[in-house]
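Chemist: Handing you a structure now.
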Amino acid sequence: MTSQAQTLAHDEAPAASRSSFYAAMRMLPQEQRDAMYHVYAFCRAVDDVADNGGAREPRLAELARYRADLDEFYATGRTTLRTSYLANAITKFGLKKEDFIAVVDGMEMDIVRDIHAPDWATLDLYCDRAASAVGRLSVPIFGIEGELGVDLAHHLGRALQLTNILRDIDEDATLGRLYLPKEALIEGGITENDIDAILAHPALDRVCRGIAQKTRNYYRRSEALMARCPRRSARSPRMMATVYRGILEKLITRGWHAPRADVRRSKRYVIWAVLRDGIF
């Protein structure tokens, strides 16, 4: 592993330790845990390219370099600073290039233009690239193979991403972004284009509750899929689902009327997930 990759993996693990991600990953055996940390480091790195601000062209060029380096590794086995720390995980668990590329494509969607009330199809594509693709990289590491793993990544990835969107509407607004789908806004009676006006609209609560119900359905489907998985293989994704569904339920209780109090994960949900899955 190159020094840059070592630094990246080292820097990302402490960041993850402050999140439900780290709590969910630490229960894995060492080889799987290391692979997940390296996948996480990759996702954080390309996410930082999207979110660090600055001119669009240099950020797009950096994402293009990630694509080129992934192409080179999968074609020749040669690694670069951007891929060397992924090599073992890719080889050991058969991780697919198209899923790494999908993550890069998702970050590119945030750079090409600030996302502003996309239609449902565009939002679903974004959720697939930004979250479900990460799930597709994760499930073989967890030991959930085949269509069962792909289906779980599809539903749980969308559940987690929609939860983030519903939680972070005010934070995203500071970046000029609004991920709430246009159809839901119009159906709720919100026709304004200005983000601040949308976030202050009295109908926003109704709109977000409709999206929250759709998100609940993704969690329900995820739970049904995880029930079909070997218990040990499903422990990490089940813990993530428990923690993030807890966030969703707290958001529903709080509502989306302005002003909105900040909602983050609760330690209680983390403890419950750990106890339920028999970690201790």
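Where a number appears in this text, it was derived from the coordinates with a stated rule and is not lab data. Just so it is clear, the structure is predicted and the values come from calculations on it, not from any experiment. No Cβ is skipped: glycine too gets one built from the backbone with ideal geometry, and neighbour counts run over all protein chains shown.
Chemist: Under 10 Å, Cα contacts only: if you run a Gaussian network model on the chain, which one of ALA159, ALA61, ALA75 comes out with the highest mean-square fluctuation?
Modeler: ALA75
Chemist: When the Cα centres of the range 136-186 and the range 73-101 are compared, how far apart do they sit, in Å?
Modeler: 24 Å
Chemist: So if each residue of separation counts as 0.36 nm, and I subtract the Cα-Cα distance between LYS92 and GLU171, what length gain in nm does that give?
Modeler: Full extension from LYS92 to GLU171 adds 24.7 nm.
Chemist: Could you state, as a whole-number percent, how many of the C-alpha pairs of the range 76-149 are farther apart than 15 Å?
Modeler: Here the long-distance tail beyond 15 Å is 61 percent of all Cα pairs in the range 76-149.
Chemist: Using a Cα-Cα cut-off of under 28 Å, which lysines could be cross-linked to LYS182, ignoring same-chain neighbours fewer than 8 residues away?
Modeler: LYS214, LYS250
Chemist: How about the range 53-140: which trypsin sites (Lys or Arg not before Pro) there lie in a loop by DSSP and see at most 15 other Cβ atoms within 10 Å?
Modeler: The qualifying sites are ARG78, LYS96, ARG113.
Chemist: Tell me the mean residue ellipticity at 222 nm calculated for the chain from its helices only (DSSP H runs of n ≥ 4, each -39500 (n - 2.57), averaged over every residue, nearest 500).
Modeler: -23000 deg cm²/dmol
Chemist: Return SER222, SER84 ranked ascending by Cβ neighbour count within 10 Å, so the fewest neighbours appear first.
Modeler: Final ranking by Cβ density, sparse to dense: SER84, SER222.
Chemist: Could you work out the relative contact order of the chain? I mean the mean sequence separation of Cα pairs under 8 Å and 6+ apart, divided by the number of residues, in percent.
Modeler: Reported as a whole number, the value is 18 percent.
Chemist: May I pose another question? Which parts of the range 140-179 would a label at ARG209 reach, counting a residue when its backbone N lies under 18 Å from a point 7 Å out along Cα-to-Cβ?
Modeler: Hits in the range 140-179 for ARG209 at 18 Å: 166-167.
Chemist: Which of rounded, prolate, oblate describes the chain, given a ≥ b ≥ c as roots of the alpha-carbon gyration tensor eigenvalues and a/c under 1.5 marking rounded, otherwise prolate only if a/b is larger than b/c?
Modeler: Oblate.
Chemist: Here's another thing I want to ask about it. In nanometres, what is the gap between the two model label sites at ASP119 and GLU31, each 7 Å from Cα along Cα-to-Cβ?
Modeler: Taking the two extended label points, one gets 4.7 nm.
Chemist: About its Cα centre, what dipole magnitude does the range 30-184 give when the only charges are +1 on Lys and Arg Cβ and -1 on Asp and Glu Cβ, stated in debye to the nearest 20?
Modeler: With only Lys, Arg, Asp and Glu charged at Cβ, the dipole is about 360 debye.
Chemist: Could you list which residues have their amide H under 5 Å from that of HIS116, counting only those 5 or more apart in sequence or on another chain, with H placed in the peptide plane?
Modeler: Correct list: LEU178.
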